[in-house]
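Okay, so here's the structure we're looking at.
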Amino acid sequence: MNLFTVIFNKFSDFLLDNPTLFNNIRFFLAGDQKNTKKFVYDNIKKYKCNSVYDLGCGTGDFSEACPKNIKYLGTDISPKYIMYAKNKYKTKTRKFRIEDSLKNTKISKYDAVLLISMLHHFSDQEVNNILLAAKKRAKKIVIIADIIPNPPNLFKMLLAKLDRGKYVRLEKDKIKLINKHFTIVEKRIINSKMAVQFGAICKV
Ligand SMILES: C[S@@+](CC[C@H](N)C(=O)[O-])C[C@H]1O[C@@H](n2cnc3c(N)ncnc32)[C@H](O)[C@@H]1O
């Protein structure tokens with residue numbers, strides 16, 4: 001890793017640690033992720049999910065992708081993000097909790113587990129552990145959406161390179177990791193403004 005990359009990564013970590021800045025930068029790059037949210041919403045409906053566990057919910061943005069009447073729990077390791085999510089989205093049915101999903105052993109089951117923009121932050125071994133954590137909690141499906149490095153547009157490709165996630169994998173490499181734990185029943189490429197994601201519905 002060269003000096004520029006080290007400084008750039010440190011600077012972006014510093015900025016993105018702030019929930020408001022994280023949301024604004026992501027909105028600039030990926031808009032309001034309307035298509036990814038629709039992918040999540042449609043599949044929660046399709047598989048008749050009444051409860052959702054959002055693993056690594058960040059600032060809670062994807063709680064809005066879930067139907068209002070179902071039980072939603074967003075968890076994240078970052079107290080700052082969880083405080084922001086609670087202030088903005090908490091309702092009687094939408095709850096948020098600080099949790100390291102890899103360490104917590106008090107596990108409840110949910111119809112659907114969300115893994116949104118998670119995988120590209122982790123090594124293969126860590127992704128295995130995250131998929132295992134999702135599997136332990138999912139009754140019906142796991143919904144995955146994660147950025148790809150090779151969108152059909154040079155500018156979008158450059159943005160994918162600048163993402164602070166160090167493991168932006170090709171679709172086929174994501175599938176290889178997912179297949180160790182789940183059966184993928186649907187997959188698609190999702191365009192969200194300048195970001196391009198791979199979306200998968202995984203059956204437990
Ligand atoms: C890029 S953000 C995605 C946030 C959210 N899913 C979204 O799309 O808006 C990745 C999140 O994973 C969280 N995270 C990382 N490791 C975690 C762990 N072991 N348990 C729970 N959350 C974790 C980070 O704090 C961060 O908020």
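Expressed as a whole percent, the accessible area of the chain that falls on carbon and sulfur atoms is 59 (1.4 Å probe).
Solvent-accessible area of Tyr89, all protein chains in place: 20 Å² (probe radius 1.4 Å, heavy atoms, ligands and nucleic acids excluded). Accessible surface calculations at 1.4 Å, restricted to protein heavy atoms, place the stretch 89-163 at 52 Å² per residue. Placing one identical point scatterer on every Cα of the chain and ignoring solvent, what is log10 I(q)/I(0) from the Debye formula at q = 0.08, 0.12 Å⁻¹? Taking Cα atoms of the chain as identical point scatterers yields -0.25, -0.57. Rounded to the nearest angstrom and listed largest first, the equivalent-ellipsoid semi-axes of the stretch 97-160 from its Cα gyration tensor are 28, 13, 9.
The values are calculated or read from the model by the stated rules, or taken from the named source; none is laboratory data. Since the model is a prediction, treat every value here as computed from it, not as a measurement. Each accessible area value is taken on the protein alone, full model and side chains, heavy atoms only, with ligands, DNA and RNA left out. Shrake-Rupley method; radii C 1.70, N 1.55, O 1.52, S 1.80 Å.
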